Ligand SMILES: NC(=O)c1ccc[n+]([C@@H]2O[C@H](COP(=O)([O-])OP(=O)(O)OC[C@H]3O[C@@H](n4cnc5c(N)ncnc54)[C@H](O)[C@@H]3O)[C@@H](O)[C@H]2O)c1
C-alpha cells in the first residue's frame, strides 16, 4: 500500500518511520508539510516524494491511502478531501475542531456508502489498555462502579488552549473510557482551577457519568513538567484493576530511589502506534478499515464539546446521542 503522509511534525514523522520500518506491505511514497524543509528531510529518510500541497498528495497517482498528522484545525478539510478522492485515511485525533465539522465528515462518509476513515485513538492498540479492558469486561473486579484516569503531558504544545485541553488532549479519555467500560458517557462536568485572566486553565478535572451510572474522574494536564504520565484505575465491587507504569529499569543515584519518567508520548505508545498502523494497513488492504471509526471520533467530539460548555460555565452537561449510521454497525 502506497501511503502519503500530511504533516511531518512529532506525530507524522514517527508514523513515517514506523510505516517504513515496521509495517510489511506499506511504503511511504509521498509527504507534504507546510514546512517544506522539514518535509524534505523526513521524505529523504524513506525516499518518498515531497509534494507541494495536501490536495496534490491526496490525489497523487502514487498514493493509495493517506495518514493525516497535520494540526487539528485541518483534520476536517483533509478528511473531506480524502473522502472526495475515495482515499482511505488514518486521521489523527480529533475528528474535527467543531461539532458541525465532525458531523460534516460523518455525513460525507455515510454518503460515500462505505468506511474509508480510521481515527488515531491508539490506546485501543496498547497492550496494557487491552489487558485492562479484558479484565474489566470479563468481570474480574466484579461490577464496575467507578474509574480514575490521569493524563499528564510534559509540556504544552504552542497551540494549547483551555478548550484544547479537552478537545485535543482529554479526547483520548472521551474515547477510551466508553471503550474500556463498554458504556457511553451520559454527562460531563468540568472543574478547572482559578488562573489569572487569559492564562491557560491547566490542570482540568472532568467528572463523567456513564449511561449505566458509573462515575469516572479524569485529570488532564498539558504542562506537567515532570514527564508524560498516563494512568487508569477501574474500581469494581470485588477489587480494582489499573495500568502499571511501563517501567523498564530503576535507578538509585543522586540520593534518589526510583524509575525514570519519560517526557514523550511517542515513546510510551510506540508499540501501540506500530500495531495501529499495521492493523490499519492490513484492514485497508483487505477492503476497509476496522479500527476506530469516524463515528467513534464523532462520539468523542460530542463529549468534548459538552465538556467545553461545562468549562465555559454550564455546569453539568448531558451528552447528546445521535443515531449510529448503518455503515458503522459493529464499530
Ligand atoms: N494519537 C496521538 O497520540 C497523538 C499524539 C500527538 C499528536 N497527535 C495529533 O497529531 C497531529 C499532529 O500533532 P504533532 O504533535 O505532530 O504536532 P507538531 O506541531 O509537532 O506537527 C504538526 C506539523 O504540521 C505541519 N503543518 C502546519 N500547517 C500545515 C498544513 N497546512 N499542511 C500540512 N502540514 C502542516 C507543521 O509544519 C508541523 O510539522 C495533531 O492533530 C495532534 O492532535 C496525536
Scanning region 67-77 for residues that are surrounded by fewer than 24 Cβ atoms within 10 Å (Cβ to Cβ) and more than 8 Å from the ligand (Cβ to nearest atom), which turns out farthest from the chain's Cα centre (by Cα)? 77
Name the single residue, out of those in region 231-252 being touching a helix residue (DSSP H, G or I) at 6+ places or on another chain (Cβ under 6 Å) and farther than 16 Å from residue 267 by Cβ, that is surrounded by the most Cβ atoms within 10 Å (Cβ to Cβ). 234
Can you tell me which residues in region 24-53 are closer than 24 Å to residue 85 by Cα and either in a strand (DSSP E or B) or in contact with a helix residue (DSSP H, G or I) (Cβ under 7 Å, 6 or more places away or on another chain) (or both)? 25, 26, 27, 28, 29, 30, 31, 32, 33, 49, 50, 51
Of the conditions (1) more than 16 Å from the ligand (Cβ to nearest atom); (2) under 28 Å from residue 275 (Cα atoms), residue 188 fails just one. Which one is it? (2)
Exactly one of 44, 7, 12 is more than 11 Å from the ligand (Cβ to nearest atom) and under 27 Å from residue 271 (Cβ atoms), and that residue is 44
Selection status of residue 36, over 23 Å from the mean Cα position of the chain (by Cα) and within 10 Å of the ligand (Cβ to nearest atom): yes
Among residues of region 81-95 being assigned to a loop (DSSP other than H, G, I, E, B) and near the ligand (Cβ under 10 Å from one of its atoms), the residue farthest from residue 19 (Cα to Cα) is 94
Looking at region 151-160, can you tell me whether even one residue there is away from the ligand (no atom under 16 Å from the Cβ) and either surrounded by 17 or more Cβ atoms within 10 Å (Cβ to Cβ) or not in a helix (DSSP H, G or I) (or both)? no
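Regarding residue 275, is this residue touching a helix residue (DSSP H, G or I) at 6+ places or on another chain (Cβ under 6 Å), within 15 Å of the ligand (Cβ to nearest atom) and at pLDDT 95 or above? Steps first, answer last, please.
Values: touching a helix residue (DSSP H, G or I) at 6+ places or on another chain (Cβ under 6 Å): yes; within 15 Å of the ligand (Cβ to nearest atom): yes; at pLDDT 95 or above: yes.
So residue 275 fits the description; yes.
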Single residue of region 54-66 satisfying the filter (crowded, with 23+ Cβ neighbours inside 10 Å and in a helix (DSSP H, G or I)) that is nearest to the ligand (Cβ to nearest atom): 57
Do you know which of the residues in region 134-150 that are buried (at least 21 other Cβ atoms within 10 Å of the Cβ) and within 24 Å of residue 310 (Cα to Cα) is farthest from the ligand (Cβ to nearest atom)? 147
Single residue of 262, 320, 313, 291 found to be farther than 24 Å from residue 103 by Cα and either assigned to a strand (DSSP E or B) or in contact (Cβ under 8 Å) with a residue 12 or more places away in the chain (or both): 262
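The values are calculated or read from the model by the stated rules, or taken from the named source; none is laboratory data. All figures in this text were calculated on a predicted structure; none of them were measured in a lab. Positions of Cβ are backbone-derived with ideal geometry, glycine not excepted, and every protein chain shown enters the neighbour counts.
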